[in-house]
Every structure is written in C-alpha cells, then in structure tokens.
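Would you mind keeping the following structure in view while I ask a few things?
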Amino acid sequence: MSLEARDARDGQSESLGVLIGQLTEDLGALVKDEVQLAKLEIKEDATRVAKAGGMLGAAGFAGYLTIVLLSFAAAWALAEVVPIGVAFLIVGIVWGVVGAVLYFAGRARMRTLDVKPEQTIQTMQENIQWAKQQKS
C-alpha cells in the first residue's frame, strides 16, 4: 500500500472516530436535556396536583363538618319528640348503620380488585425477551 493511500485511510479513520465521538457527546447532551425537561414538567405537575389535593382535603373536611352539624340538628329536632339522650342515640345508630354498609361495600369491592400492573409486567417480560435475543 502506498504512503498516500495509508495517509488517506488514517484520515478517514480519524474522521470517523471524531464523528462517533461527537455523536456520543451530542447524544449524551440530548439525553441530559430531556431528563432536565422531564424533571421540570414533573415538578410543575406535582405542584398542581398538590394544590388540587389540598382543595379536595379542605372539601372533605367541610363535608365532614356539614355531616356533624346536620347530625346535631337532626338530633335536636328529634329531641322534640323523644328524650334528648334517645334522640342522639338514634342519630348515632343511623350513622353506625351507614358506616357499616359503606365498610362492607368497600371491602367487597377491594376483594374484586387486582392491583398487579399487568401491562407493565407484560412489557417488562417482552423487554427481557428482546434483550436475550440481542445477546444471542
């Protein structure tokens, strides 16, 4: 092989090596930028979710107070017909029955739920199979 051909081949190898190095650096920078963008988006979403959660919590508390105050009002109204202790006992028993019905309904629904992430498990198994095929 002539000296000129060898120099040309070495120049191509160095150029290819430089290009691959630049490609690797650019790919790394791109991945880093994408990760930063994802972090920023997740932080913004988490802030909005936290605010919405706070509002829902406050609404739940307001609903709880509404139920308590209406229960007192019902017991006081019922006290016009029966003694006050019996009136509050009746209201308490009604709420106990409501709580028991909700408990048993919720427990029955929980027993029917399957909380395994089936789609994620299937995707991970496919990824493992693909990786094994790449090794072979």
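Could you check how many residues of the range 88-136 are farther than 24 Å from residue 70 by Cβ and over 30 Å from the mean Cα position of the chain (by Cα)?
So the count comes out to 5.
Right, here's the next one. Just checking, which of 49, 82 is at pLDDT 95 or above and either of a type in the set (Val, Ile, Thr) or over 26 Å from residue 98 (Cα atoms) (or both)?
Answer to the check: 82.
Looking at 60, 28, which is the one that is within 30 Å of residue 96 (Cα to Cα) and under 33 Å from the mean Cα position of the chain (by Cα)?
Of the residues listed, the single one that is within 30 Å of residue 96 (Cα to Cα) and under 33 Å from the mean Cα position of the chain (by Cα) is 60.
The values are calculated or read from the model by the stated rules, or taken from the named source; none is laboratory data. Quick caveat: nothing in here was measured; it's all calculated off a predicted structure. Methodologically, a virtual Cβ is constructed for each residue, glycine included, from the backbone with ideal geometry; neighbour enumeration extends over all protein chains shown.
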